[in-house]
Amino acid sequence: MKTEREEILRLAEVDKVFGGNVQALQNMSLTVRKGDFISLLGPSGCGKSTALRLIAGLSIPTSGCIDWAHPRGKGDLGVVFQEPTLMPWATVTQNVYMPFRLEGKSLSSVKDDIHSVLKLVGLEKFKNAYTRDLSGGMKMRVSIARAMVTNPKLILMDEPFAALDEITRFKLNNDLLEMKERIGCTVIFVTHSVFESVFLSDRIVVMAARPGRVIEEVAVDAPYPRDEEFRTSAEYVAHCRAASRALEQAMEAAA
């Protein structure tokens, strides 16, 4: 019998309205459990990024509520945006240090944490490089390292690989699952890609636009770790078909 994991976060009938009449989210409910990898999948304008901002505390719901199972402490939440949002004049180490700096910690006191996370993302040899000189994929690794350095319980990722080429994207998908496994965090990941959502997730929340709402939740019960063999398996194709059908229904609902 499968043991249900500890609940860490719940969205209950959340609405978000901008400008008095633009409804970004309608009646969104979602339960997040420890260790989940949840993808929010849907067309542009369906409220995926809005949901992430609400969870991050960067915005507040118009109605409904977002409840954490335990009080959220400093460093419990990491965020990775679509653009790396790095300081180009600073080194890789200085960029990854930023969350600790905001907490008032000295660089010397957290240097081991920074070294460990740079090793995790494969950038330990670039710790003194300036981020302006890095490739797009390497910049995203720095951004992921910065989000992971405090060993957060939950990481929010807003289409972090959308601007990258397919080869780099596949590599970072593989690396992300390995990193998640090693630090044991929970991930909520926004994407437009059915293929990416199936490879990464154990749960895919499919959303429709105008107003943004959940249409269906698709379970991906394939075991981790996942690799290239999974990407070419009949099981992967079947899950992609199920997610594609749900996305088609979402598109029809939006239309």
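The values are calculated or read from the model by the stated rules, or taken from the named source; none is laboratory data. Quantities reported herein were computed from a predicted structural model and do not represent experimental measurements. So basically every Cβ, Gly included, is an ideal-geometry build from the backbone, and we count neighbours across all protein chains shown. We work out accessible area using only protein heavy atoms, side chains counted, and drop any ligands, DNA or RNA first. Shrake-Rupley method; radii C 1.70, N 1.55, O 1.52, S 1.80 Å.
A few comments on the model shown:
- Think of each Lys and Arg Cβ as +1 and each Asp and Glu Cβ as -1; about the Cα centre, that makes the dipole of segment 8-122 roughly 160 debye.
- Relative contact order [Cα under 8 Å, 6+ residues apart], the chain, whole percent: 26 percent
- Under 20 Å, Cα to Cα: Lys pairs in the chain, sequence gap 8 or more or different chains: 27
- Zone of R10's modelled label, taken as backbone nitrogen in segment 41-70 under 16 Å from a point 7 Å along Cα→Cβ: 64-70
- Protein heavy-atom accessible surface, 1.4 Å probe, per residue over the chain: 50 Å².
- The relative contact order of segment 88-151 comes to 50 percent, based on Cα pairs under 8 Å that sit 6 or more residues apart.
- Across D165, D15, the residue with the most accessible area heads the list, and the full order at a 1.4 Å probe is D165, D15.
- Sequence-separation-based contact order of segment 105-198, relative, with Cα cut under 8 Å and 6+ spacing, percent: 28 percent
- Vicinal HN-Hα couplings computed from phi for segment 20-36 (Karplus, 6.51 cos²θ - 1.76 cosθ + 1.60; Hz; Gly/Pro x): x, 9, 9, 8, 7, 9, 9, 6, 8, 10, 7, 10, 10, 10, 4, x, 4
- Accessible area of D158 in the full protein assembly, 1.4 Å probe (Å², nearest 10): 30 Å²
- Segment 1-51: trypsin sites (Lys or Arg not before Pro) falling in loop per DSSP and having at most 13 other Cβ within 10 Å: K2, R5
- Added length on full extension, which subtracts the Cα-Cα distance from 0.36 nm per residue, D112 to M98: 3.6 nm
- Charge tally for G75 (other residues, Cβ to Cβ under 15 Å; Lys, Arg +1; Asp, Glu -1): +3.
- For the chain, carbon and sulfur atoms together expose 51% of the accessible surface, with a 1.4 angstrom probe and every protein chain in place.
- Largest accessible area first, the residues C65, C46 order themselves as C65, C46 under a 1.4 Å probe with ligands, DNA and RNA left out.
- Assigned charges on the beta-carbon of Lys, Arg, Asp, Glu; the chain dipole about Cα centre (debye): 760 debye
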